[in-house]
Amino acid sequence: MRLRHRFIGASAALGFLATVASANASSHREAPAISFDPAADNTDLWAWVPPDLSMLFLVAAYNPLEEPSGGPNFNKFSDDVLYQIHIARGDQSLEDAVTYDIRFTTSPIMRVDVTDKTAAPGGGKEFFSQLSGQTQTYSIVKREAGMAPVTIASGVPVAPSNIGPRTNVVAYKIAANGYDAFSQTFVKDMGAEGQVFAGPRDDGFYVDLARIFDLANFAGSITTPVTSAVDGVAGFNCHAIAMAIPTSKLTGTGKAPTAGPSDAQTLGVWASASRRKVSILRHDGTIDSDGPWVQVSRLGLPLINEAVIGLQDKDKYNRTTPATDVTNFGGYFLNPIIVRDYEVVAQTTVPDSLKFNRTDILDVINLKDIPTTGAHNFGLSVTGDVLRVDLGVASSFPNGRVVGHGANPNQDQADVTDIELSLLLTGKTSGISDGVNSNDKPFLTQIPFLASPWEGATQGHGKPAP
């Protein structure tokens, strides 16, 4: 039964709850354990189909709040992490129908005698890592239910960090201002399986972090959005894996999707990161890893672990899968704790209809009335933290999540923060704004979709010396 919620009259109270929820709409350092392991930390997931329904576009981002000038060892993907894109299909199960395993390999650094006066730059003696000649590549294995695994990409180079104009000229052999075009050359074809890109990008999420985490220290209300909001993610990078996959490869029939909403051709998309169960640090500094993979992070919707799951269970949530969400976390889904936290901090009372039995949230997650009334009918057994994407309908959040394509080049097609706030506070999917409404860079209209990463030499977060 769809709940109809009354508007809360206390505007300051709504302002508080709205800003708390917006802090958690993306997945940056959202759980205690993963905050110590940024290379494995999912930050965002986008997945969508365009109006012609021909492709599924995917962007999975990791490693939150990368400082552009953070050298000499700039951020990168971890060779010890198994990065995965999971795709469930239909209304019978949340188990993977298709899985993409992405593994990274960093080339070894050749040791060079530092006393050799004739040795040219290169090898391992340099202070500047970009002169070492070290590179990172990756492979992708596609696993489809009932079929043998297939390697669809191998030895693909990762785009390097955007360090600065001198690095561009000396190390990358491109023009001083040529990084943007250079990074596009790392988009690689996978034949019939589509295209892929991996490397650093601008973090495409926008939100005021500083005041939010001071117990939502804001002024403003539902009717008067915050005007002094600051994008706390501005100027930071992340590492992203972007894919463009023909939808015919995901329908299960080998054919293009049929236009129109359908449970059978709706995907449930989520991303994860895993590490080996056993790691041994040797005296020589090497690490031996063995045993099965253990999941340490995951992300589907830009909402659940952050705003719905309590602190006591956030690490458990990262270790489990969407198929077990109702069993493990059903109480959190129906009774969002963020609303009750609001009561403590704002010292006011919220109607029970906003705190308990929030079946309306499940309806939105499962696209019940999206894009039309009664469009989908997913049961509790297939409810979990997945980003639903109906391959027969051009995507619009929460049916998929699109990078860019908004009213302006630096805006998303749908402001997921605003939609989520509206859902939590009123049971509707529009009507509330959090005050941060655009990204700090224009998005791209082609893969990898996220803007080029900020440059370390000139665009870091340092301040001029006094």
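Where a number appears in this text, it was derived from the coordinates with a stated rule and is not lab data. Predicted, not measured: the structure shown is a model, and the values here were computed from it. Cβ atoms come from the backbone with ideal geometry, glycine included; neighbour counts cover every protein chain shown.
Compute the length gained on full extension between W293 and K428: take 0.36 nm times their separation in residues and subtract their Cα-Cα distance, giving the result in nm to one decimal.
Length difference between fully extended and current span is 44.6 nm.
When the chain is fully extended, how far beyond the present Cα-Cα distance does S154 get from F127, taking 0.36 nm per residue of separation?
Details: separation 27, 0.36 × 27 = 9.72 nm, distance 3.02 nm.
Here the segment from S154 to F127 would lengthen by 6.7 nm.
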Partner lysines for K277 [C-alpha distance under 30 Å; skip if fewer than 8 residues away on the same chain]: K76, K142, K314, K316
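Using a Förster radius of 41 Å, what is the FRET efficiency between D116 and V230 based on their Cβ-Cβ separation? Nearest 0.05, please. Kindly include the intermediate steps, with their values, before the conclusion.
On the way: r = 51 Å, r/R0 = 1.25.
Plugging the Cβ-Cβ distance into 1/(1 + (r/R0)^6) gives 0.20.
Answer rounded, prolate or oblate for the range 223-379, using the Cα gyration tensor with square roots of eigenvalues a ≥ b ≥ c: rounded when a/c is under 1.5, else prolate when a/b is larger than b/c, else oblate.
Values: a/c = 1.68, a/b = 1.12, b/c = 1.50.
Note, shape of the range 223-379 comes out oblate.
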Taking 1 over the mean of 1/r across every pair of different Cα atoms in the range 96-145, what Kirkwood radius in Å do you get? 13.5 Å
Nearest 10, in degrees from 0 to 90: the angle of helix 325-334 to the longest Cα principal axis of the chain is 60 degrees
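Taking square-rooted eigenvalues a ≥ b ≥ c of the alpha carbon gyration tensor, is the chain rounded, prolate or oblate, where a/c under 1.5 means rounded and, failing that, a/b exceeding b/c means prolate?
Values: a/c = 1.76, a/b = 1.39, b/c = 1.27.
Note, shape of the chain comes out prolate.
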Give, in nm to one decimal, the length gained when the segment between Q347 and Q92 is fully stretched (0.36 nm per residue of separation minus the Cα-Cα distance). 87.4 nm
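Could you sort the peptides 81-90, 443-452, 356-365 by per-residue average Cβ neighbour count (10 Å cutoff), highest mean leading?
On the way: 81-90: 22.2, 443-452: 20.4, 356-365: 18.3.
With the highest mean Cβ count within 10 Å placed first, the list reads 81-90, 443-452, 356-365.
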Straight-line reach from K355: which aspartates and glutamates fall under 18 Å, measuring Cα to Cα and dropping same-chain residues less than 8 apart? E306, D341, E343, D363, E420
For V141, put the label point 7 Å out on the Cα→Cβ axis and report which residues of the range 154-196 keep their amide N under 14 Å from it. 154-155
For the range 356-412, what is the Kirkwood estimate of the hydrodynamic radius, computed as the reciprocal of the mean inverse distance between distinct Cα atoms, to one decimal in Å? 12.5 Å
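Please arrange D385, D315 by how many other C-beta atoms lie within 10 Å of their C-beta, fewest to most.
D315, D385
With the Cα gyration tensor of the range 51-105 giving a ≥ b ≥ c as the square roots of its eigenvalues, does the rule (a/c under 1.5 for rounded; else a/b larger than b/c for prolate; else oblate) give rounded, prolate or oblate? Mind showing how you got there, number by number?
Details: a/c = 3.14, a/b = 1.98, b/c = 1.59.
Cα axes put the range 51-105 in the prolate bin.
How would you rank L45, L299, going from fewest to most other Cβ atoms within 10 Å of each one's own Cβ? Let's see the in-between values first.
Details: L45 24, L299 28.
Ordered by Cβ neighbours within 10 Å, fewest first: L45, L299.
Kindly put W46, W454 in sequence by how many other C-beta atoms sit within 10 Å of each C-beta, fewest to most. It would help to have the intermediate numbers written out before the result.
Details: W46 27, W454 24.
Placing the least packed residue first, the sequence is W454, W46.
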Label-point separation, F356 to A394 (7 Å along Cα→Cβ), nm: 4.4 nm
Here, V278 and T445, labelled 7 Å along Cα→Cβ, have an inter-label distance in nm of 5.4 nm
